Each structure stands twice: as structure tokens, then as C-alpha cells.
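Engineer: Let me give you the structure first, and then I'll get to my questions.
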Amino acid sequence: MNRREFLLSAASAAALPALTFSGRLFAAPANSPRFLFVFLRGGYDCNNFLVPYSSDFYYESRPTLAIAKPDHNNPNSALPLDANWGMNPVLRDSIYPLWQKKQVAFIPFAGTEDLSRSHFETQDSIERGEPMNAGGNYRSGFLARLSGQLTGVPAIAFTNSLPLSFQGAGKDIPNISLRGNTKANFDERQSSILAGMYKNTSLASAAADGLSLRTTVSKDLQDEMTAASRGAPNASGFAQETQRIATLMRDQYRLGFVDVGGWDTHVNQGSVTGGLANNLRNLGDGLAAYAAALGNEWNNTVVVVISEFGRTFRENGDRGTDHGHGTVHWVLGGKVNGGRIAGEQVAVTQQNLLQNRDYQVLNNYRDVYCGLLAKIWGLRGNQLQEIFPQAKPRDLQLV
């Protein structure tokens, strides 16, 4: 039994499933780059995030969902990024300042070759990171293969269970869920009893490591919530979570994964209010909080935000959008070559839609991130092919 198996067994036995992490506490190498992969599960509507306001077709296609063209007198209008693109104004105080600092870039017409429009198939395809003709190996993820190519780059998943992207690493990668759980599952007495059960056994070290990490994280969560609020309302959900993620990424880990659900907006999606706007606001607040919590280390950090696919360009009869194809990816960081719309693009017209419904994919994520990882860690040739087999690295000058 390894550390992960012990912790899962202990959690099951105690009916406390949140105890699902392992690994020793340690200090990560100084000046090692940080990379956080943020997966928006559900297929977010990129067209009401990165607004193609120069396109008349956009306004024809979305009679109730479209966001108004930039207008200084209208606070609900798109925030202008360039002559063609604007940003949803709910991100005015979070992501827009990072854009102004040139610390975020957006890649429209991005995605995969997968045309299934299935959440699960496309999510799995992305996390595997393999070409479409590679078959179905669901025990090897691209972040696991990346971890295998790196030395002294500790990895962690901020998830309830180890995601597919981190499976098959051949090493012990911890996972810990911070969602909705800011109280230690074991008090000191319970921890002592559980650790004592394994004293002088081969599992003693695993028990001590797991319990120590859970206690440390839980205390950090409670202390930071108390100190940070200062009588004011806390930033909701994701912002609170990413502040805690930043603590672990700053002090211990350098390669991370977190997923955020709730992006499937078939009905009453809204524009600057409603479900999508609320999700975008929380996401933006969380990413801004992450950047702020890292302090100077934000300059040594890259964050990628992606989703399995975009949504249909036209709104549906329920004032929502359906499963699409191409989407918009985000790349953030203190030294990111931002303040620009990156990658190959086409005019947003009906003629340029895929199958008369979706954004095309002109920037394959495997090629783009192959090029990005090469720049971050200096990976080359065979190393990149191990991570993304058959990919053709594209350097979009993101870092």
C-alpha cells in the first residue's frame, strides 16, 4: 500500500472522503517557474466573454444575449481591447486591469480536433493530450507526462480526486479539494489516535505526512479567512479558493491543476447579469486574488484557462447557447507577453463559422501548449513529443 492508497483507505474508513492527498511537506526550488492549469468544465460561452463587437453578425445572432459595443457612457457595454474585441464588463475590476498591465493574452479560435461536442469525451481528450488517432488510453494525462520530464517541480491537483491529466505519472502526485471545506476533518486528538494506529508500521510515515498536510492546510484556510475579511464580505467561491491555492503554489508546488464547474448554459444564460456573468465574475476575482496572493512570484508564474469547447454562436430558443467547438483560451502571468489577442484568427462572419454554428479551431491546444511549455521549461524535441505526441509546437510568443 502506498501513501495515496493509505489516505484513501483512511478516509473511507472514517467516512471523511476529503482526506485524499499525500506527499511529504517540502520547500520547492527557489525561482522555479509555476504553471497552473485551470479547466472550466461545461464549455463556457467565450462569445460573451471575449466579445466580437465589430461583427454585425454577432448582434444579429444574439438578439437577447449580445453585449453592447464599447460605450463610455454605458457601464454594461463591452470593455474595448482592440478594434475588434471587447471584454465582458463584469471583469472590469479583475481581469481588465491585468490586460492593461499586459499580463494576460487571449487566444480565440482555440481548441481540439474533437468534434463530438460531448463534455466527457472532449474533456478526456484534452486531459489525455494525445492525437485523435491515438485510441483511448485513459491512464496517461499530459500533465503527468510533463511532470515526468521535469526534475524538482512538485505537482498537485486541487480536486476531489486525481484528474485524468495527472494520471500515469509514475510518481506520487497529491490531490486536495479546498471547495467548501475550511474545517479540519480531524482535531488534534483524532489525528493522534489515527497516527498511533500506524505507529511502528510501514504506513507510519504516510499517516504522519497526510495528517500533517491536512492540518496545515485547514489551519491556513481558517486563519486567512479571518484575517482577510477585516469586517468586509469575503469574495465568493473561487476567489477564496485561489487565495489558498496560491499559498501552496508559492511555498511548495510548481505544477498545478484546478477545475471549475457550472459553465453549461443552455437556458437563460444572460449577458452582463445571470449565470454566465456570475461565473465569469467569480473566475476573474479568483484569478486576480491568485495573482495578488503570489506577490512578486506572480512574475514567475503562468496560468492557462481553458474549457472543453465553446458554445454555439447563435443563441437558442431558451435564451441560452448549446455545445459548440472553438473557444477562447486565456494565458496569464506577471511576465506574460499580454495585452493582445494571440494566434490565428478570421473575421467573425457567418461564412467563417464551422458547420454554420461554431467557431473554427485554428489554434490547436496541443500545438500551442507544446510551444508554451518549451519556452517555460526549455523542453525540446523528444521531451515535447512525450508530452504531446505528434504535436507541432507553435510559439505564439506568450512568454
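Since every read-out is calculated from the coordinates, none of them should be taken as a lab result. Keep in mind that what you see is a predicted model, and the values were worked out from it rather than measured. Please note: Cβ atoms are built from the backbone with ideal geometry, for glycine as well, and neighbour counts cover all protein chains shown.
Engineer: In whole angstrom, how far apart do the alpha carbon centroids of region 78-143 and region 350-370 sit?
Structural biologist: 11
Engineer: Grab the other residues whose beta carbon is less than 15 angstrom from that of N300, score K and R as +1, D and E as -1, and report the net. Write out the running numbers ahead of the final one.
Structural biologist: Values: positive: R34, R250, R254, K335, K375; negative: D251, E297.
Residues near N300 contribute +3 overall.
Engineer: Please turn the phi angles of region 65-71 into ³J(HN,Hα) values with the Karplus equation 6.51 cos²θ - 1.76 cosθ + 1.60 (θ = phi - 60°), one per residue in order, whole Hz, x for glycine and proline.
Structural biologist: Computed from phi, the couplings for region 65-71 are 9, 4, 9, 4, 4, x, 8 Hz.
Engineer: When only C-alpha pairs under 8 Å and at least 6 residues apart count, what is the relative contact order of region 39-114, in percent?
Structural biologist: Details: 73 pairs, mean separation 18.4, N = 76.
In percent, rounded to a whole number, it is 24.
Engineer: Taking 29 Å as the cut-off for C-alpha to C-alpha distance, list the pairs among K102/K171; K102/K392; K69/K375; K101/K171 that go past it. Show your work: numbers first, answer last.
Structural biologist: Numbers: K102/K171 36 Å; K102/K392 27 Å; K69/K375 36 Å; K101/K171 38 Å.
The answer is K102/K171; K69/K375; K101/K171.
Engineer: Using per-residue counts of other Cβ atoms within 10 Å, averaged over each peptide, order 96-108, 148-160, 42-54, 59-71 from highest down.
Structural biologist: Working: 96-108: 20.2, 148-160: 18.2, 42-54: 24.9, 59-71: 16.4.
Most protected by this proxy first, the peptides run 42-54, 96-108, 148-160, 59-71.
Engineer: Return the FRET efficiency for the residue pair N352, F120: r is the Cβ-Cβ distance, R0 is 30 Å, and the value is rounded to the nearest 0.05.
Structural biologist: 0.60
Engineer: Taking neighbour Cβ counts within 10 Å as the exposure measure, how do H119, H325 sort from fewest upward? Can you show the working numbers first?
Structural biologist: Details: H119 17, H325 27.
Least crowded to most crowded, the residues run H119, H325.
Engineer: What is the calculated FRET efficiency for N316 to R41, with r their C-beta to C-beta distance and R₀ = 30 Å, to the nearest 0.05? Each step should come with its number before you reach the end.
Structural biologist: On the way: r = 20 Å, r/R0 = 0.68.
Approximately 0.90, to the nearest 0.05.
Engineer: May I ask for the Rg/Rh ratio of region 282-383, computed from Cα atoms with Rh as the Kirkwood radius, given to two decimals?
Structural biologist: Numbers: Rg = 16.7 Å, Rh = 16.0 Å.
Radius of gyration over Kirkwood radius for region 282-383 works out to 1.04.
Engineer: On a full-extension model of 0.36 nm per residue, what is the gain between H72 and M132, subtracting their alpha-carbon distance, rounded to one decimal in nm?
Structural biologist: On the way: separation 60, 0.36 × 60 = 21.60 nm, distance 4.56 nm.
Full-extension gain reported as 17.0 nm.
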